[in-house]
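Trainee: One structure, as structure tokens, below. Some questions next.
The values are calculated or read from the model by the stated rules, or taken from the named source; none is laboratory data. Everything quoted here is computed from the prediction, not taken from an experiment. Methodologically, a virtual Cβ is constructed for each residue, glycine included, from the backbone with ideal geometry; neighbour enumeration extends over all protein chains shown.
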Amino acid sequence: MKTKSNYFSVVLFLFLSLPFVLSKGQSKNTSPLFTPVNIKKFADYLFAEKDYLRAFDEYKKYLKTENNDTVRFKIALGFQQMGRYPEALTHFKGLFFNSDFTNQSRNEFFKTLFLADSLSYLINISNNEFFKTHDSLHVPLKLSFTAMMLQKMPLPDSVSFVNIFNKKEKAGMSELYSKQRRLPYKDPTTAALLSTVVPGLGKIYTGNYGDGITAFLFTGVLGYIAYDNFRANHSFRAWLFSGLTVLFYGGNIYGSYAAAQIFNAKVNFDFVSEVKKFLEKENYFIPRYNFGSK
Amino acid sequence: MKRTIEILLILLALATTAFAQGIFERQFRYADSLFKAGKYFDAITEFKRLMFFDSSGVYKFTSEMKIGLSYKAGGKENEAVKYFSLALKSANGEGEKFYAGTQIIRTLILSRKTDEALNLITQFLKTADDNQKNLLLYWRGWAFMFANRWQQAAKQFSELNENELTNLCKDVLNKKYSVNFVKGMSYIIPGAGQIYTGHYLSGLMSLGWNVLWGYTTVKAFLANRVFDGIMVGNLLWFRFYRGNFQNAEKFARQKNIEIYNDAFGYLENKFKGLKP
């Protein structure tokens, strides 16, 4: 009976002292919270919370002990999300070869170039065989076509252009393609010529009706005052107002030219915004990821 | 024997829980040590790690508060308010709720979201006890100061017998310029507002230009040179006259900002009492 009681006491003592022994014996690095699996779990949580900098720190710790392309890809995606495009591009490049994310990283590489506004470079490298046929999504080619559209470069005919897009993307891209062909630009030279003939007419041509009427009246009144002063032999005033008339007249011609340029810039801006909105909606033609527990 | 096994299993379960709690307690101490050392970025990471793994939620409130305080110390007020608000939701009891609430108020004051801070103070006043009420009213005074509502701040602090802060607010009120008065002075005598705010050269220049173009305009009208009168009056005199009172207004506002900044400098560097 006594032996049984002793045996029970020893086991009880061991159990009760277990947490104390384990807890005291562990440093930060051996804590179960810092095992590679838990580090990754925590990093994934931070990544989902868009706390990218902390997620990167955790992923880097994880990569010291484990080899995982999903993690590397997520680091690159995080940089892209943060708008740190050069770092994102470098990380995507690192996954181009012998990686589980070869295709995805090439697609994201192009998306990053687009986001970074490196459109000319994007168009140039999209002709590279390496990017041409690497998967059936044709993301580089699609983004290259879209970039060419924004850069006002010659595009293929509408059928060839639209054919590379899938069913869901076709309608939107077709509409953008047609719109790009007939953007309502105003010719700056025409605006200047119109204002040369009738002061303010160039402004009206560019849609600035108030400015146009004001310019017409102002130049007219100044011209009339100059004429009236010449007639009354008030030579100084007449020349003064003549000078002012010429100044306003010339200024209005230049102003009309500039107004047409501003009008065109706005047309461009609106079109680019529309294209970017469409691309955002379509996630730059890249399917959404589901990383699961990878 | 069966009973012994049952007891051992129960003890095993207890030991496991205690072990887990030991890990979390150690993690909490580690995160807190980072917080105390001013390593706020790392402290936030470790508190977040603790919250992520501690499903029991034992450290939830404290961690959220510490994360909020770390963000606040790092100047990220929006993030701080977010975590204090989370802490307010997970608070147990009125004391914790009040603590989280006042931290939200203090952070809102710092980020000059005065209306939000005042609304929250009003809400908390409804359920606060006397001590809590005094503290809330104290923060209301601070909210007024940060919104440059010095008169209201002075009244609030005076009611709380906070003499140092009351005097500071009164000092600001004495020193600050009335923008309308300064502007009005320059309406009546061009340049007077500028001189009153200490910008003597600007004031004298303004007076000179207005006298010159006013005289030229009047002289032209008296000589029946109506056109000249209209042109000089319109293009020169009125232009300088308008510039004069606009300038006076700008100087008064600038001076007031300097006075406010001096007061905030005092609060930041010399005031020893409780600050947001």
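Trainee: Check the range B:90-112 and report whether any residue there is closer than 26 Å to A:LYS41 by Cα, touching a helix residue (DSSP H, G or I) at 6+ places or on another chain (Cβ under 6 Å) and not basic (Lys, Arg).
Mentor: yes
Trainee: Do any helices (runs of 4 or more DSSP H) lying entirely in the range A:174-255 carry at least 2 residues that are surrounded by fewer than 18 Cβ atoms within 10 Å (Cβ to Cβ) and not polar (S, T, N, Q), and which ones are they?
Mentor: Values: elements: A:188-197, A:201-205, A:209-231.
It comes to A:188-197, A:209-231.
Trainee: Have a look at A:PHE56, A:PHE34 and point out the one that is modelled with pLDDT of 60 or more, under 30 Å from A:PHE96 (Cα atoms) and buried (at least 16 other Cβ atoms within 10 Å of the Cβ). Lay out the reasoning, then the answer.
Mentor: Numbers: A:PHE34 fails: under 30 Å from A:PHE96 (Cα atoms).
A:PHE56 is the lone residue from the list that is modelled with pLDDT of 60 or more, under 30 Å from A:PHE96 (Cα atoms) and buried (at least 16 other Cβ atoms within 10 Å of the Cβ).
Trainee: A further question on this structure: Within the range A:34-55, track down each residue that is of a type outside the set (Lys, Arg), within 11 Å of chain B (Cβ to nearest Cβ) and under 15 Å from B:ASP42 (Cα atoms).
Mentor: A:PHE34, A:ILE39, A:PHE42, A:ALA43, A:LEU46, A:ASP51, A:LEU53, A:ALA55
Trainee: Right, next: How many of the residues making up the range B:82-100 are surrounded by fewer than 16 Cβ atoms within 10 Å (Cβ to Cβ) and not in a helix (DSSP H, G or I)?
Mentor: Adding up the residues that qualify gives 1.
Trainee: Could you tell me which of the residues A:LEU240, A:LEU183, A:LEU201 is modelled with pLDDT under 95, over 30 Å from A:VAL162 (Cβ atoms) and not β-branched (Val, Ile, Thr)? Walk me through it before giving the result.
Mentor: Values: A:LEU183 fails: over 30 Å from A:VAL162 (Cβ atoms); A:LEU201 fails: modelled with pLDDT under 95.
Just one listed residue meets the conditions, A:LEU240.
Trainee: List pairs: first residue in the range B:131-146 and within 15 Å of B:LEU110 (Cβ to Cβ), second residue surrounded by fewer than 18 Cβ atoms within 10 Å (Cβ to Cβ) and basic (Lys, Arg) anywhere in the structure, Cβ distance under 7 angstrom, at least six positions apart or on different chains.
Mentor: These pairs meet every condition: B:PHE146/B:ARG112.
Trainee: Out of the residues in the range B:101-140 meeting the condition of being small (Gly, Ala, Ser) and more than 11 Å from the chain's Cα centre (by Cα), tell me which one is surrounded by the fewest Cβ atoms within 10 Å (Cβ to Cβ).
Mentor: B:ALA128
Trainee: Now a separate question. Restrict the check to the range B:157-180 and report whether at least one residue is among the aliphatic types (A, V, I, L, M), surrounded by 15 or more Cβ atoms within 10 Å (Cβ to Cβ), under 23 Å from B:PHE251 (Cβ atoms) and touching a residue at least 40 places away in the same chain (Cβ under 8 Å).
Mentor: The initial filter retains those residues of the range B:157-180 that are among the aliphatic types (A, V, I, L, M), namely B:160, B:165, B:168, B:172-173, B:179.
Restricting the remaining residues to those that are surrounded by 15 or more Cβ atoms within 10 Å (Cβ to Cβ) gives B:160, B:165, B:168, B:172, B:179.
Subsequent filtering for residues that are under 23 Å from B:PHE251 (Cβ atoms) retains B:172, B:179.
Imposing the further condition that a residue be touching a residue at least 40 places away in the same chain (Cβ under 8 Å) reduces the set to B:172, B:179.
Yes, the range B:157-180 contains at least one residue that is among the aliphatic types (A, V, I, L, M), surrounded by 15 or more Cβ atoms within 10 Å (Cβ to Cβ), under 23 Å from B:PHE251 (Cβ atoms) and touching a residue at least 40 places away in the same chain (Cβ under 8 Å).
Trainee: Among the residues of the range B:136-173, count how many are touching a Leu at 6+ places or on another chain (Cβ under 8 Å) and assigned to a helix (DSSP H, G or I).
Mentor: Step one: of the range B:136-173, the residues touching a Leu at 6+ places or on another chain (Cβ under 8 Å) are B:136-138, B:140-141, B:143, B:145-146, B:150-151, B:153-154, B:156-157, B:159-160, B:168.
When the remaining residues are screened for being assigned to a helix (DSSP H, G or I), the result is B:136-138, B:140-141, B:143, B:145-146, B:150-151, B:153-154, B:156-157, B:159, B:168.
Of the residues in that region, 16 qualify.
Trainee: Also, quick follow-up: Is the range A:60-81 home to any residue that is among the small types (Gly, Ala, Ser) and farther than 16 Å from A:TYR289 by Cα? Walk me through it before giving the result.
Mentor: Taking the range A:60-81 and keeping what is among the small types (Gly, Ala, Ser), we get A:76, A:78.
Then keep just the ones that are farther than 16 Å from A:TYR289 by Cα; that gives none.
Checked the range A:60-81: no residue is among the small types (Gly, Ala, Ser) and farther than 16 Å from A:TYR289 by Cα.
Trainee: Taking the range B:181-202 as the search range and keeping residues that are part of a loop (DSSP other than H, G, I, E, B) and in contact (Cβ under 8 Å) with a residue 40 or more places away in the chain, which one is farthest from B:PHE251 (Cα to Cα)? Step through it out loud before you land on a result.
Mentor: Within the range B:181-202, the subset part of a loop (DSSP other than H, G, I, E, B) is B:189-191, B:197-199.
Going one step further and asking which of them are in contact (Cβ under 8 Å) with a residue 40 or more places away in the chain, we end up with B:190-191, B:197-199.
Numbers: B:PRO190: 14, B:GLY191: 11, B:THR197: 7, B:GLY198: 9, B:HIS199: 8 Å.
Only one residue fits best here, namely B:PRO190.
Trainee: If a residue must be in contact with a Lys or Arg (Cβ under 8 Å, 6 or more places away or on another chain) and of a type in the set (Ser, Thr, Tyr), how many such residues does the range A:252-279 contain? Even if it seems obvious, please write down each step before you answer.
Mentor: Let us first name the residues in the range A:252-279 that are in contact with a Lys or Arg (Cβ under 8 Å, 6 or more places away or on another chain), namely A:252, A:255-256, A:259-260, A:263-264, A:271, A:274.
Next, from what is left, pick out any that are of a type in the set (Ser, Thr, Tyr): A:256.
Within the range A:252-279, residues that are in contact with a Lys or Arg (Cβ under 8 Å, 6 or more places away or on another chain) and of a type in the set (Ser, Thr, Tyr) number 1.
Trainee: I've got another one for you. Take the conditions within 23 Å of A:ASP44 (Cα to Cα), surrounded by fewer than 19 Cβ atoms within 10 Å (Cβ to Cβ) and either at the interface with another protein chain (Cβ under 9 Å from one of its Cβ atoms) or at pLDDT below 95 (or both) and apply them to B:SER56. Does it pass?
Mentor: Details: within 23 Å of A:ASP44 (Cα to Cα): yes; surrounded by fewer than 19 Cβ atoms within 10 Å (Cβ to Cβ): yes; either at the interface with another protein chain (Cβ under 9 Å from one of its Cβ atoms) or at pLDDT below 95 (or both): yes.
Spelling it out, B:SER56 is indeed within 23 Å of A:ASP44 (Cα to Cα), surrounded by fewer than 19 Cβ atoms within 10 Å (Cβ to Cβ) and either at the interface with another protein chain (Cβ under 9 Å from one of its Cβ atoms) or at pLDDT below 95 (or both).
Trainee: If you go through the range B:238-245 one residue at a time, do you hit one that is surrounded by 15 or more Cβ atoms within 10 Å (Cβ to Cβ), touching a residue at least 60 places away in the same chain (Cβ under 8 Å) and assigned to a helix (DSSP H, G or I)?
Mentor: Within the range B:238-245, one or more residues are surrounded by 15 or more Cβ atoms within 10 Å (Cβ to Cβ), touching a residue at least 60 places away in the same chain (Cβ under 8 Å) and assigned to a helix (DSSP H, G or I).
Trainee: Now for a different question. Does B:TYR40 satisfy being crowded, with 17+ Cβ neighbours inside 10 Å, in contact (Cβ under 8 Å) with a residue 24 or more places away in the chain and either away from chain A (no Cβ under 11 Å) or within 35 Å of the chain's Cα centre (by Cα) (or both)? Walk me through how you get there before you give the answer.
Mentor: On the way: crowded, with 17+ Cβ neighbours inside 10 Å: yes; in contact (Cβ under 8 Å) with a residue 24 or more places away in the chain: yes; either away from chain A (no Cβ under 11 Å) or within 35 Å of the chain's Cα centre (by Cα) (or both): yes.
For B:TYR40, the condition - crowded, with 17+ Cβ neighbours inside 10 Å, in contact (Cβ under 8 Å) with a residue 24 or more places away in the chain and either away from chain A (no Cβ under 11 Å) or within 35 Å of the chain's Cα centre (by Cα) (or both) - is met.
Trainee: Also, quick follow-up: Which one of these does B:GLN103 not meet: (1) more than 14 Å from chain A (Cβ to nearest Cβ); (2) within 27 Å of A:GLU58 (Cβ to Cβ); (3) modelled with pLDDT of 95 or more?
Mentor: (2)
Trainee: If you don't mind, there's one more thing I want to ask. If I filter the range A:56-75 down to residues being in contact with a helix residue (DSSP H, G or I) (Cβ under 9 Å, 6 or more places away or on another chain) and in contact (Cβ under 8 Å) with a residue 40 or more places away in the chain, which single residue comes out as nearest to the other protein chains (Cβ to nearest Cβ)?
Mentor: The extreme case among them is A:LYS74.
Trainee: While we're looking at this one, here's another question. If I ask for residues that are charged (D, E, K, R) and either within 44 Å of the chain's Cα centre (by Cα) or modelled with pLDDT of 95 or more (or both), which ones from the range A:206-237 would you list?
Mentor: Step one: of the range A:206-237, the residues charged (D, E, K, R) are A:211, A:228, A:231, A:237.
Once the filter is applied, which keeps residues that are charged (D, E, K, R) and either within 44 Å of the chain's Cα centre (by Cα) or modelled with pLDDT of 95 or more (or both), the range A:206-237 yields only A:ASP211.
Trainee: In contact with a helix residue (DSSP H, G or I) (Cβ under 7 Å, 6 or more places away or on another chain) and assigned to a helix (DSSP H, G or I): is that true of B:GLY208 in this structure?
Mentor: Working: in contact with a helix residue (DSSP H, G or I) (Cβ under 7 Å, 6 or more places away or on another chain): no; assigned to a helix (DSSP H, G or I): yes.
In short, no.
Trainee: While we're on this one: Kindly list the number of the only condition in (1) closer than 22 Å to A:ASN264 by Cα; (2) not in a loop (DSSP other than H, G, I, E, B) that fails for A:MET153.
Mentor: That leaves (2) as the condition not met.
Trainee: Oh, and also: Restricting the range A:113-129 to residues that are over 14 Å from A:GLN151 (Cα atoms) and of a type in the set (Gly, Ala, Ser), which is surrounded by the most Cβ atoms within 10 Å (Cβ to Cβ)?
Mentor: Within the range A:113-129, the match that is surrounded by the most Cβ atoms within 10 Å (Cβ to Cβ) is A:SER126.
Trainee: Can you go through B:THR4, B:THR17 and tell me which one is within 8 Å of chain A (Cβ to nearest Cβ) and either at positive phi or at pLDDT below 95 (or both)?
Mentor: On the way: B:THR17 fails: within 8 Å of chain A (Cβ to nearest Cβ).
Going through B:THR4, B:THR17 in turn, the sole match is B:THR4.
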